[in-house]
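Asker: What follows is a structure written as C-alpha cells; I'll ask about it next.
The values are calculated or read from the model by the stated rules, or taken from the named source; none is laboratory data. None of the values given here were measured: they were computed from a predicted structure. Here the Cβ positions follow ideal geometry from the backbone for every residue, glycine too, while neighbour counts run over all protein chains shown.
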Amino acid sequence: MAPTRRDVLTAGAAGAAAALGLGAAGAPRARASAGRLGSRALYVSPDGRGDFTSVQDAVDAVPGPGATIVLAPGTYREAVVVPAAAQGLTLLGATGDPCDAVIVLDRANGTPKPTGGTYGTSGSATVTTQAADFTARHVTFANDWLRADHPGVTGTQAVAIKVQGDRSAFHHCRFLGHQDTLYADTLAVDVFARQYYRDCYAEGDVDFVFGRATAVFDHCRLHTLDRTDLAAPPYGFVFAPSTTAPDPHGFLATGCRVTSGAPDAAYKLARPWVPSSDTTAVPMLTVRDTWLGPGIDAAQPYANMSADFPWQSMRFREYANSGPGAHVTDPAARPQLTRQEARSATPEAYLAGADGWAPWRGR
C-alpha cells in the first residue's frame, strides 16, 4: 500500500523515510529528502488519496520556493511544466524506485496540435522544467511516441524532459524515449544553466542527450536502442551538444557506462548540433573514465550533423575510457585530453561556479 499524505507529513524525518519505503540502504538519502518535507509538501496519488491526482495540479499549487512534491506509485500520463516561479522545487518518487513513479506522454515534433500546427521539438516534451534549483529523485520521465505508429510524421523528435533552470539536479532518475530523449537546455541562448545527473539511466537512438546546458553525467548509464526501421548503421548518436561559444563548459560524462541493445558499432558517440538560432555555437563534450560498449563505433565515434560544422572543429575530447567502444585506432578520430587538461574536466570545475554549487554532496 502506498503511503498516504498523512504518513509522510506527520511521521517526522526518520519516520517519513520509512513511510516513503526507501529502505535501509537508501536511508541517508531518504532522511535528507524527508527532512525537507513539511508544510510545503504536496502529495500526488493516482488513486485520489493524496492532495492531487495530477502532477501539474500539484506544481500549480506549490506554496512558494522550496516546496516538495511526493509522487505515489503510478503512471501519470500528462504534460508537466515547472515554471520559473517554482524555484527550489523537489520532485520525489515515494518508493525510492524510479520505475514506480512514471510521468509519460506520447507526442512528437510533428504531432498536430488541437489548435493547429504541430508541437515542435520543445513542445513535444512530456516535462519542461524552467525553475532554478529544481531537484528530482527516483522519478521516470518518458515519451513513448513511436515512429512505427505514425508513419506519416516526419518530425520524429519526442522529448521526455526539457531542463532549462540553473542548478538543476537529478538523482536516480530514468529518461526514456527514442529521439531527443533528454534535452539539457537553458532559458535563452545568452543564459548559462548548470545541471547534474547522478546514477541516472537514459535511453534512446538519435541525439538522445542533447542541448546547450553545462551538464555533468556522473556514473550514469546511457543505453542505445535497437532499430528495425534502418537497413544499416549508423542507427543514431548518444550526445548532440550545442554549447554556446562563450560557455567554457558543455557536457561532461564521467564514470558512466554506454550500453547497447543494437548490433556492434551501430552507434556514434556524438555529433555536434549547431542550431540555426545560434550558428556561432561551439559544441563541447568530454567523455572520461567511462566504459564504452561494443555498440559504439570505435573507429569513427563522431560524425557531422552538418557539413558546414565539422566535428573536428568542435570541443570533443576523451580521457581514460575503456571497453570495446573506446579502442583508439586513429588518434585523429578520437582527440584525447592530456593529463593536465583532465584535471579541469571534473564535476567541480564544471558546476561549482561563484556560488560553490555542489549537488554531488548528500546524493
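Asker: Taking region 134-163 only, how many residues are farther than 18 Å from D199 by Cα, of a type in the set (S, T, N, Q) and either at pLDDT 95 or above or not in a loop (DSSP other than H, G, I, E, B) (or both)?
Answerer: 3
Asker: Collect the residues in region 221-259 that are out of contact with any strand residue (DSSP E or B) (no Cβ under 7 Å at 6 or more places or on another chain) and within 27 Å of L187 (Cα to Cα), keeping them in residue-number order.
Answerer: Initial filter on region 221-259 (out of contact with any strand residue (DSSP E or B) (no Cβ under 7 Å at 6 or more places or on another chain)): 226-233, 244-246, 248.
Passing the criteria: T244, A245, P246, P248.
Asker: Specify the residue that is farthest from A262 (Cα to Cα); the eligible residues are those in region 170-210 that are within 12 Å of the chain's Cα centre (by Cα) and of a type in the set (S, T, Y).
Answerer: Result: Y196.
Asker: Another question, then. Count, please, the residues in region 208-237 that happen to be assigned to a strand (DSSP E or B) and more than 16 Å from Y302 (Cβ to Cβ). Please lay out each step first, then the result.
Answerer: Within region 208-237, the first condition is being assigned to a strand (DSSP E or B), and the residues that meet it are 209-211, 214-218, 221-224, 236-237.
Restricting the remaining residues to those that are more than 16 Å from Y302 (Cβ to Cβ) gives 211, 214-218, 221, 223.
Total satisfying the criteria: 8.
Asker: Looking at this structure, is T244 outside any loop (DSSP other than H, G, I, E, B) and either closer than 22 Å to A349 by Cα or touching a Leu at 6+ places or on another chain (Cβ under 7 Å) (or both)? Even if it seems obvious, please write down each step before you answer.
Answerer: Values: outside any loop (DSSP other than H, G, I, E, B): no; either closer than 22 Å to A349 by Cα or touching a Leu at 6+ places or on another chain (Cβ under 7 Å) (or both): yes.
No, not satisfied.
Asker: Tally up the residues in region 199-258 that are under 13 Å from T290 (Cα atoms) and free of Cβ contacts under 8 Å to residues at least 24 places away in the same chain, please.
Answerer: Total meeting the criteria: 0.
Asker: Mind checking which residues of region 187-205 are in a loop (DSSP other than H, G, I, E, B) and buried (at least 24 other Cβ atoms within 10 Å of the Cβ)? Spell out the reasoning first.
Answerer: Looking only at region 187-205, we keep the residues that are in a loop (DSSP other than H, G, I, E, B), and these are 187-193, 199-200, 205.
If the condition is that a residue be in a loop (DSSP other than H, G, I, E, B) and buried (at least 24 other Cβ atoms within 10 Å of the Cβ), then D205 is the only one that fits.
Asker: What number of residues within region 61-76 are farther than 20 Å from Y201 by Cβ and either at pLDDT below 95 or surrounded by 15 or more Cβ atoms within 10 Å (Cβ to Cβ) (or both)? I'd like the intermediate steps shown before the answer.
Answerer: Initially, region 61-76 is screened for residues farther than 20 Å from Y201 by Cβ, giving 61-70, 72.
Now drop any that are not either at pLDDT below 95 or surrounded by 15 or more Cβ atoms within 10 Å (Cβ to Cβ) (or both), which leaves 62-70, 72.
Going through region 61-76 one residue at a time, the tally reaches 10.
Asker: Please determine, by comparing only the residues of region 292-322 that are in contact (Cβ under 8 Å) with a residue 40 or more places away in the chain and in a loop (DSSP other than H, G, I, E, B), which one is surrounded by the fewest Cβ atoms within 10 Å (Cβ to Cβ).
Answerer: A303
Asker: Could I ask something else about it? If I filter region 263-281 for residues that are farther than 18 Å from A303 by Cβ, of a type in the set (D, E), assigned to a loop (DSSP other than H, G, I, E, B) and out of contact with any strand residue (DSSP E or B) (no Cβ under 9 Å at 6 or more places or on another chain), do I get at least one hit? Step through it out loud before you land on a result.
Answerer: We begin by selecting, within region 263-281, every residue farther than 18 Å from A303 by Cβ; these are 276-280.
Narrowing further to those that are of a type in the set (D, E): 278.
Among the residues that remain, those that are also assigned to a loop (DSSP other than H, G, I, E, B) are: 278.
From the residues that got through so far, the ones that are out of contact with any strand residue (DSSP E or B) (no Cβ under 9 Å at 6 or more places or on another chain) too are 278.
Yes, because at least one residue in region 263-281 is farther than 18 Å from A303 by Cβ, of a type in the set (D, E), assigned to a loop (DSSP other than H, G, I, E, B) and out of contact with any strand residue (DSSP E or B) (no Cβ under 9 Å at 6 or more places or on another chain).
Asker: Another question, if that's okay. Within region 80-92, is even one residue within 30 Å of T228 (Cα to Cα) and modelled with pLDDT of 95 or more? Spell out how you get there, then give the answer.
Answerer: To start, the set of residues in region 80-92 that are within 30 Å of T228 (Cα to Cα) comprises none.
Taking every residue of region 80-92 in turn, none turns out to be within 30 Å of T228 (Cα to Cα) and modelled with pLDDT of 95 or more.
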